[in-house]
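Student: Quick one: structure below, then a few questions.
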Amino acid sequence: MFGSDRARTKLRARWQRIAACAATLFCGVSFAAELSSAPLTRTHAAMATEFTITAYPRKGETAAHLGALLDEVFADVDELEALISEWKPESQTTYVNRHAAEGPVRVAPVLMTLLVAAQDLHHRSGGAFDVTVGPLSELYGFYKKKGHLPSSEELSAAMQKVGMDKVTLDQMASTVAFSRPGMRLDLGGIGKGYAVDRAVAKLKAHGVTRALLSAGTSSLYAIGAPPGEPGWTVRIRHPYNEGQAVAELRLRDESLSTSGCYGNLPVVDGVRICNIFDPRTGQARHGVASASAIAATATETDALGKVFLILGVDEARRFCEREPSVRAVIVPETAGDTLKPVWIGRDNSERDQGVHHEP
C-alpha cells in the first residue's frame, strides 16, 4: 500500500511521465513536414462502447498508411479489454476477483500500472473513487441488468467487501491480494480512459500531432489542434437530451471525461438507480446531473468525472484548488427546466451558462 503523501506524489508523477513518454519519443521526428488538410476518421466497437479517432496525416502519408496505424491502435484496445474486463471469463481481472482473497495473484505489468493509478486516484479523491465497487454493482442489480433497492442490512454487508484499503498491491512482485473474500474489482470507471491514454501514446510515438480520440461519449483526448484552430471544439452532452449540448469548449493536449446518471438505467419503485456509487457510503444518488473533468490524462479524467459527480460543486471546487491542473464543469440537478453548468478551474474561474432543458 502507498499511504504517504510523498509516495502518492511520486505515483502521480510516474503516471504523468507514462502519459507523456510518447511526446519524448516524438522529439526525434522532423517538424518540417507539413500536414495534409484531410483528416481520417475510424471507429471501433470495444469496452461496451464505440471508440473513434479522427487524425490528420502528415504530408506525403497516404490514408491507407494512417488507417493501418489506427487499426493497430484499435487492436491494442481489444488486447487491453481482453486483459482487464471483468466481463471476459479469461481476463486477468476475472482471475484476480476469483482468487486474490486466497493469496497474492500475479498480474501483467499493464494491469498493475492501471491498479496503481486507481489506488492513487482513490487517495487523491479521499476515497470517492474506488475500483472495488463490484459488490455494490452486484447488489444494485447491474450485473443481472435488473434493478434492486437494497435494505440497510444488505448495503452494510456489501460495504464490508468494498475499499481499496483492503487491496494490497506489490509492484515489485506484480501481485494483487484481497484482505477478505467476496471482493470484486470493477475497472469500468477508469478502463476506457486508460485505453485512450495508451492509444494517444502510440499515435504520438508514430508522429501523429493532430488527432481527437474518444471512448463513446464519456472520455476524450485532444492531440494538438486542427490546422488553423487553437484547439479541438468539443461539446458536453445535455444530461437529459443527448441531441443537445450543455456546454462547449476547446481542448488541446488534454483530456475531458463526463459522467452522469442518464441512459438506460433501472427504475425501482419510482426511483431511478444511478450506476455510479459513492464507495464511502454505498449510496447511488448524488444531486448532480452530470460532471466533467479536464486534466492531463484520460485515466485521470475518466475517474475524476465520477468523483465530481459524487462530491458535488463545493467539494469539486476544493479539489481543483488543491490540484490546479484539474478543471471541472458540473451541472447540478434543478427543480426547474434550466440547467446551469458551473465552471471550475484555472482559466474559467467560473462561468455560468443557462441551458434550456427539453424534457
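Every number in this text was worked out from the coordinates using simple rules, so none of it is lab data. Keep in mind that this is a model prediction, so the values were computed, not measured. Glycine gets a Cβ as well: all are built from the backbone with ideal geometry, and neighbour counts include every protein chain shown.
Student: Ordered by packing density, taken as the mean number of other Cβ atoms within 10 Å over each peptide's residues, highest first, how do 237-248, 148-159 rank?
Tutor: Result, highest mean first: 237-248, 148-159.
Student: Something else about it: Out of residues 5 or more away from Ala46 or on other chains, whose amide H comes under 5 Å of its own, with H placed 1.01 Å from N in the peptide plane?
Tutor: So Ala46 has HN proximity to Phe51.
Student: Modelled label-to-label distance, Ala108 and Asp78, 7 Å Cα→beta-carbon offset: nm?
Tutor: A separation of 1.4 nm, rounded to one decimal place.
Student: Also, quick follow-up: For the stretch 37-87, just say rounded, prolate or oblate: build the C-alpha gyration tensor, square-root its eigenvalues into a ≥ b ≥ c, call rounded for a/c under 1.5, and beyond that prolate if a/b exceeds b/c, oblate if not.
Tutor: Here the stretch 37-87 falls in the prolate category.
Student: Here's a follow-up. Whole-Å semi-axes of the stretch 88-187's equivalent ellipsoid, largest first, each the root of 5 times a Cα gyration tensor eigenvalue?
Tutor: Ellipsoid semi-axes (Å, largest first): 23, 15, 12.
Student: Shifting gears a bit: Spin-label point model (7 Å from Cα, Cβ direction): what's the Ala245 to Asp314 distance in nm?
Tutor: Calculated label separation equals 3.2 nm.
Student: Which length gain, in nm to one decimal place, applies between Thr168 and Ala63 when the Cα-Cα distance is subtracted from 0.36 nm times their residue separation?
Tutor: Roughly 33.2 nm would be gained on extension.
Student: What's the exposure ranking of Lys161, Lys306, going from fewest to most Cβ atoms within 10 Å?
Tutor: Lys161, Lys306
Student: Also, I was wondering about something else. Ranking request for peptides 287-299, 250-262: highest mean number of other beta-carbon atoms within 10 Å first, then the rest in descending order.
Tutor: Packing proxy ranking, top to bottom: 287-299, 250-262.
Student: Can you tell me which of 310-322, 193-205, 117-129, 163-175 comes out highest on packing, and rank the rest after it, using the mean Cβ neighbours within 10 Å?
Tutor: Most protected by this proxy first, the peptides run 193-205, 117-129, 310-322, 163-175.
Student: What distance in nm separates the two pseudo spin-label positions at Ser151 and Gln283, each 7 Å out from Cα along the beta-carbon direction?
Tutor: Placing both labels 7 Å beyond Cα along the Cβ direction yields 2.1 nm.
Student: Once phi is turned into θ = phi - 60°, what whole-Hz ³J(HN,Hα) does the Karplus curve with 6.51, -1.76 and 1.60 give for every residue of the stretch 291-305, x standing for Gly and Pro?
Tutor: Each residue's phi maps through the Karplus curve to give 9, 10, 10, 10, 7, 6, 10, 6, 4, 5, 5, 4, 6, 6, x Hz.
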